[in-house]
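Below is one structure; the comments refer to it alone.
The values are calculated or read from the model by the stated rules, or taken from the named source; none is laboratory data. Just so we're clear, the structure is a prediction, and the values are computed from it rather than from any experiment. Quick reminder, even Gly has a Cβ in these numbers, built from the backbone with ideal geometry, and neighbours come from all protein chains shown.
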Amino acid sequence: MKTAKSNLIRLASWITDHNIPFLITSIGMIVMLLWAGSYKMTAPGAEGIIPLVSNSPLISWHFKLLGPYVGSDLIGLTEIIAALLIITGNFKPKAGIVGGLIASVMFFITSTMVITTPGAIISVKGMSYMSFTGLFLFKDVISLGVSFYLVSYFGKKAVLSES
């Protein structure tokens, strides 16, 4: 086995050998989904997402059909289920794949809200910027990438467990 000469490469190897990217992304995703999902099951959580959901052509039907409180509860429950499946993926990789796919769909939908939510993009002296709401929504683009990473990670783990 070859040993890296550079400290930088040794650090990168240590990070890989100790699975740090998976640990940080999976734990971060699980905590965020559990916390956000449970918050959406409260009145302030439901009321907070009304302007986002009601302007989205992909999910506004959901609130029209179920109302904001039941609709928000269902979104929260979906987030909690995705988190639990990602946790289960450590023992049953196919469950992690499903959890990652659920999260991918959720974060794809919320990522598009940057475009559909009024006030997400603002103009200051002729230059367009993302407002606080826009930045809040844009983090879901990163979460979408993390979700796909988790699908990939658990997919590789599933292949190894079938061998």
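Look at Gly45 and say whether it is at pLDDT 95 or above, in contact with a Phe, Trp or Tyr (Cβ under 6 Å, 6 or more places away or on another chain) and over 24 Å from Val98 (Cβ atoms).
Working: at pLDDT 95 or above: yes; in contact with a Phe, Trp or Tyr (Cβ under 6 Å, 6 or more places away or on another chain): yes; over 24 Å from Val98 (Cβ atoms): yes.
Yes; evaluated as a whole, the condition is true for this residue.
Within the range 55-77, which residues are crowded, with 17+ Cβ neighbours inside 10 Å and not aromatic (Phe, Trp, Tyr)?
Ser56, Ile59, His62, Pro68, Gly71, Ser72, Asp73, Ile75, Gly76
Return the total of residues in the range 9-31 being assigned to a helix (DSSP H, G or I) and exposed (fewer than 12 other Cβ atoms within 10 Å of the Cβ).
Count: 8.
From the list Phe91, Phe107, pick out the single residue that is aromatic (Phe, Trp, Tyr), out of contact with any Cys (no Cβ under 7 Å at 6 or more places or on another chain) and buried (at least 17 other Cβ atoms within 10 Å of the Cβ). Let's see the steps before the verdict.
Values: Phe91 fails: buried (at least 17 other Cβ atoms within 10 Å of the Cβ).
None of the other options fit; the residue is Phe107.
Can you confirm whether Ala95 is assigned to a helix (DSSP H, G or I) and more than 30 Å from Asn19 (Cβ to Cβ)?
On the way: assigned to a helix (DSSP H, G or I): yes; more than 30 Å from Asn19 (Cβ to Cβ): no.
Judged against the criteria, Ala95 is not a match.
Give the number of residues within the range 35-81 that are free of Cβ contacts under 8 Å to residues at least 24 places away in the same chain and of a type in the set (S, T, N, Q).
Number satisfying all stated conditions: 3.
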